[in-house]
Every structure is written in structure tokens, then in C-alpha cells.
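Novice: Here it is, the structure, as C-alpha cells.
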Ligand SMILES: CC(C)(COP(=O)(O)OP(=O)(O)OC[C@H]1O[C@@H](n2cnc3c(N)ncnc32)[C@H](O)[C@@H]1OP(=O)(O)O)[C@@H](O)C(=O)NCCC(=O)NCCS
């Protein structure tokens with residue numbers, strides 16, 4: 001399993017992942033029912049530079065989970081989604097751990113996640129991560145403050161980042177660098 005932050009080149013992979021979710025899973029992820037069009041618009045607006053979109057890939061380099069960290073004025077908002085057939089294997093928990101470290105690396109001092117109040121896996125994940133629970137307009141909210149990372153954690157982060165990018169592209173085989181450059185110039 002490889003966990004790494006996605007780049008702007010991978011927007012379509014995020015779109016396909018969310019569009020493949022059932023109506024019920026969309027409701028759990030976004031706390032409301034969303035059409036294909038709305039999800040697509042949401043993905044178009046994702047900011048891969050300012051925010052963090054972490055992805056989990058399986059051994060075949062298939063995307064099986066996403067976690068997002070969106071910077072806000074007061075706190076960073078996190079959100080999680082694991083492909084239904086891969087749930088219950090601690091993938092969500094690992095995404096949470098990596099996203100919390102990422103938030104600390106970015107200097108974010110507080111994070112929160114919103115979810116439907118009957119969402120037991122999300123609630124358990126939040127409690128395991130030391131988050132405090134409250135209720136907002138019938139939805140659940142979990143939040144916690146984050147300490148600055150230690151030198152050891154910083155080193156650990158850089159090593160994991162390098163290994164995950166290397167591991168993923170090693171799984172894919174040769175990458176068409178010219179195509180990536182063409183896409184990059186259009187994103188300018
Ligand atoms: C929430 C979600 C990301 C969790 O992913 P996951 O990979 O299944 O999570 P984990 O395997 O790490 O399990 C997390 C906790 O939930 C528990 N859990 C997992 N599946 C469960 C289930 N069906 N019923 C009850 N508890 C469950 C696990 O035991 C674990 O708790 P523990 O650490 O106390 O043992 C996943 O269920 C999901 O994608 N849900 C739809 C989207 C969503 O709800 N997002 C949250 C709002 S942003």
C-alpha cells in the first residue's frame with residue numbers, strides 16, 4: 001500500500017474515484033446527496049497546491065482511498081473516503097495519521113472533520129486520533145489541536161514522502177515525462 005499526496009496532473013483520478021461512489025457513499029463523504037455534475041464541479045475546484053489530497057494506492061497502483069486537507073482561516077478541514085471493498089483494513093486510520101502529520105508539517109494548528117452522526121467508522125477513527133467530538137446542526141464534528149512536529153518527525157516525513165513517490169512510479173513503470181511537461185505548461 002502506497003500513500004502519497006496527489007499532484008494537479010491527477011485531477012481526473014480523483015474525479016473518477018468520487019464519481020464511482022454510490023449515492024449512499026457520496027452522502028457519507030460529503031454529508032449530503034450530490035449529483036455527478038456537482039461532484040465534478042467540486043473536483044474542478046480542488047487546489048492541489050494550497051491544499052493536500054492524499055491518495056492510497058494498492059499493489060496494482062489502483063486508487064483505493066482519498067483524504068483531503070483544506071486550509072481554512074482558523075483550522076484545516078479534513079475528509080476521508082475509502083473504496084467500499086477496501087474498508088475495515090485500517091486504510092482510513094493510516095490516511096488519518098498521515099494527514100495529521102502533513103497538517104503539522106504545513107504549520108496548521110487545528111484540524112476538524114464533519115460527518116453524519118450515525119457514521120460509526122468515522123467516529124471511531126476520529127476518537128482514535130485524539131479528536132474531541134461535538135454536534136453541529138445534527139452533524140458530528142471532531143476537532144483537535146496539533147503540536148509542531150519534532151525534528152525526528154520532520155525527518156520521518158521526508159523519508160516517507162520520498163519512498164512513497166518512488167514506490168508508486170516504480171510500480172507504474174516508465175513515465176511519459178514529455179506528456180507531464182505538456183500538461184504542466186497548460187496548468188501554468
Ligand atoms: C470512514 C472511512 C474512511 C473509514 O475507512 P476504513 O479504511 O474502513 O477505516 P478503518 O479500517 O481504519 O477503521 C476505522 C475504525 O472504524 C471501525 N470500523 C470499520 N468499519 C466499521 C463498520 N462497518 N462498523 C463499525 N465500525 C467500523 C474500525 O474497527 C476502526 O475502529 P478502531 O480503530 O476503534 O478499531 C470509510 O468507512 C469510508 O470511506 N466511509 C465513507 C466516507 C465517509 O464516511 N467519510 C467520512 C466523512 S468525511
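Values quoted throughout were computed directly from the atomic coordinates according to the rules given, and no laboratory measurement underlies them. Since the model is a prediction, treat every value here as computed from it, not as a measurement. As a convention, Cβ positions derive from the backbone with ideal geometry for all residues, glycine included, and neighbour counts pool all protein chains shown.
Novice: Go through 83, 104, 29 for me and flag whichever is out of contact with any strand residue (DSSP E or B) (no Cβ under 6 Å at 6 or more places or on another chain) and surrounded by 18 or more Cβ atoms within 10 Å (Cβ to Cβ). Before the answer, list the steps.
Specialist: On the way: 83 fails: out of contact with any strand residue (DSSP E or B) (no Cβ under 6 Å at 6 or more places or on another chain); 29 fails: out of contact with any strand residue (DSSP E or B) (no Cβ under 6 Å at 6 or more places or on another chain).
After ruling out the rest, the residue left standing is 104.
Novice: Would a scan of the range 124-141 turn up a residue that is part of a strand (DSSP E or B) and either within 7 Å of the ligand (Cβ to nearest atom) or under 16 Å from the mean Cα position of the chain (by Cα) (or both)?
Specialist: no
Novice: Looking at residue 54, is it within 8 Å of the ligand (Cβ to nearest atom) and surrounded by 15 or more Cβ atoms within 10 Å (Cβ to Cβ)? Full working, then the answer.
Specialist: Numbers: within 8 Å of the ligand (Cβ to nearest atom): no; surrounded by 15 or more Cβ atoms within 10 Å (Cβ to Cβ): yes.
No.
Novice: Within the range 128-151, which residues are at positive phi and in contact with a strand residue (DSSP E or B) (Cβ under 7 Å, 6 or more places away or on another chain)?
Specialist: Across the range 128-151, the qualifying residue is only 130.
Novice: With the requirement that a residue be within 11 Å of the ligand (Cβ to nearest atom), under 20 Å from residue 149 (Cβ atoms) and either in contact (Cβ under 8 Å) with a residue 40 or more places away in the chain or part of a helix (DSSP H, G or I) (or both), what does the range 68-98 give you?
Specialist: Across the range 68-98, the qualifying residues are 93, 94, 95, 96, 97.
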